[in-house]
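A.B. asks: For reference, the structure I am asking about is given below.
The values are calculated or read from the model by the stated rules, or taken from the named source; none is laboratory data. A quick note: this is a predicted structure, and the numbers were derived from the prediction, not measured. Every residue, glycine among them, receives a Cβ derived from its backbone with ideal geometry; neighbour counts consider all protein chains shown.
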Amino acid sequence: MPAPLSPENIRNAPKVLLHDHLDGGLRPSSIVEMSDAVGYRSLPTRDPGELAEWFLGAAHSGSLERYLETFGHTVAVMQTAEALHRVAAECAEDLAADGVVYAEVRFAPELHTERGLDLDQVVTHVLEGFAAGTARAAAAGRPIRVGCLLTAMRHAARSREIAELAVRHRDAGVVGFDIAGAEKGFPPTRHLDAFEYVRQQNAHVTIHAGEAFGLPSIWEAIQWCGAHRLGHGVRIVDDISLGNDGLPALGRLAAFVRDTRIPLEMCPTSNIQTGAAES
């Protein structure tokens with residue numbers, strides 16, 4: 001007889017996490033301590049409990065501006081070797097505590113060089129943090145394996161550089177390359193050389209597509225850029241209709257995604273927070 005569905009059972013069940021942002025899950029107490037260490041004075045509050053409530057309120061506000069403001073604070077304190085190592089280690093521990101046994105955590109190295117670290121140093125400190133966190137989680141009886149996805153920003157011009165960075169650190173724990181940022185006006189084909197390089201190196205590609213923008217974003221990510229997975233992909237629903245018999249009918253793009261088994265990294269909580277879904 002299956003165990004009853006409860007928050008505790010869900011937490012303890014072994015889970016795989018394919019879409020998680022390193023700068024989107026910091027401990028509030030760590031943010032306060034790291035802000036002190038780097039002299040960051042722009043937090044909305046320095047009380048960890050109040051800060052947690054502020055982050056939750058901003059995330060669920062329905063305002064994209066407030067939603068993105070949260071990342072401004074987390075990225076600001078993740079600019080030193082110590083901070084990157086700490087955040088990555090705590091990330092692994094926190095995921096393991098939630099029953100995650102395998103995770104791929106992504107971040108944009110180009111956002112963490114404001115205090116003098118170069119891109120390779122940023123990646124190395126994060127990977128070392130993941131290793132420390134997984135070791136502590138295993139010692140606590142919660143084994144987890146963490147891979148890292150390196151993200152380039154769609155509106156910037158460093159995607160080829162980040163693609164080469166991902167390949168360079170592939171054997172140390174980087175499992176793939178991603179692009180993120182505003183979809184509208186910044187199609188993935190702007191970064192075609194980066195995707196071609198990654199695939200030529202027998203490495204892997206996931207692309208944020210079909211979250212805030214529709215089917216053209218998904219189509220380009222797959223058919224032009226060769227995405228092995230889609231980050232979100234929730235707008236694929238726009239290519240699914242209901243027939244007169246009440247059964248769903250897949251359009252050509254949705255059918256292609258199904259037939260070629262391209263995974264969608266579905267993120268229900270994020271879909272609600274950003275307005276892609278109502279409930």
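A.B. asks: So Leu18 ticks every box in (1) within 20 Å of Cys267 (Cα to Cα); (2) in contact with a Lys or Arg (Cβ under 9 Å, 6 or more places away or on another chain); (3) of a type outside the set (Phe, Trp, Tyr); (4) assigned to a loop (DSSP other than H, G, I, E, B) but one. Which box is left unticked?
C.D. replies: (4)
A.B. asks: Could you list, in sequence order, the residues of the stretch 193-218 that are within 21 Å of the chain's Cα centre (by Cα), under 14 Å from Ile162 (Cβ atoms), without any contact (Cβ under 8 Å) to a residue 40 or more places away in the chain and part of a helix (DSSP H, G or I)?
C.D. replies: Matches in the stretch 193-218: Phe195, Val198.
A.B. asks: Are any residues in the stretch 1-37 at pLDDT below 95 and among the β-branched types (Val, Ile, Thr), and if so, which ones?
C.D. replies: Of everything in the stretch 1-37, just one residue is at pLDDT below 95 and among the β-branched types (Val, Ile, Thr), namely Ile10.
A.B. asks: Further, regarding this structure: Would you say Leu68 is among the hydrophobic types (A, V, I, L, M, F, W, C), closer than 23 Å to Leu150 by Cα and exposed (fewer than 14 other Cβ atoms within 10 Å of the Cβ)?
C.D. replies: So Leu68 fits the description; yes.
A.B. asks: So which residues in the stretch 138-194 are basic (Lys, Arg) and in contact with a Gly (Cβ under 7 Å, 6 or more places away or on another chain), if there are any at all?
C.D. replies: Hit for the stretch 138-194 is Arg154, nothing else.
A.B. asks: Among the residues of the stretch 6-21, write down those that are over 22 Å from Val75 (Cα atoms) and not charged (D, E, K, R).
C.D. replies: Residues of the stretch 6-21 that are over 22 Å from Val75 (Cα atoms), as a first pass: 6-16.
Passing the criteria: Ser6, Pro7, Asn9, Ile10, Asn12, Ala13, Pro14, Val16.
A.B. asks: Of all the residues that make up the stretch 33-59, how many are in a helix (DSSP H, G or I) and without any contact (Cβ under 8 Å) to a residue 12 or more places away in the chain?
C.D. replies: The number of residues fulfilling the criteria is 7.
A.B. asks: Starting from the stretch 152-164, keep only residues that are under 15 Å from Ala203 (Cα atoms), then list their pairs with residues that are modelled with pLDDT of 95 or more and surrounded by fewer than 17 Cβ atoms within 10 Å (Cβ to Cβ) whose Cβ atoms are within a distance under 7 Å, requiring at least 6 positions of separation or different chains.
C.D. replies: Arg160/Asp193
A.B. asks: Turning to a different aspect of this structure: Given the structure, is Arg235 closer than 23 Å to Gly176 by Cβ and assigned to a loop (DSSP other than H, G, I, E, B)?
C.D. replies: On the way: closer than 23 Å to Gly176 by Cβ: yes; assigned to a loop (DSSP other than H, G, I, E, B): no.
When the stated conditions are applied, Arg235 does not pass them.
A.B. asks: Of all residues in the stretch 223-237, how many are touching a His at 6+ places or on another chain (Cβ under 9 Å) and over 17 Å from Ala255 (Cβ atoms)?
C.D. replies: Of the residues in the stretch 223-237, 5 are touching a His at 6+ places or on another chain (Cβ under 9 Å) and over 17 Å from Ala255 (Cβ atoms).
A.B. asks: Check Glu278, Glu265 and return the single one that is surrounded by fewer than 13 Cβ atoms within 10 Å (Cβ to Cβ) and on the phi < 0 side of the Ramachandran plot.
C.D. replies: Unique residue meeting the criteria: Glu278.
One line per residue, one yes/no per condition, for (1) among the basic types (Lys, Arg); (2) farther than 30 Å from Gly129 by Cα; (3) modelled with pLDDT of 95 or more:
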site: Val175; (1), (2), (3): no, no, yes
site: Gly181; (1), (2), (3): no, no, no
site: Val198; (1), (2), (3): no, no, yes
site: His208; (1), (2), (3): no, no, no
site: Ala212; (1), (2), (3): no, yes, no
site: Trp219; (1), (2), (3): no, yes, yes
site: Leu250; (1), (2), (3): no, yes, yes
site: Ala255; (1), (2), (3): no, yes, yes
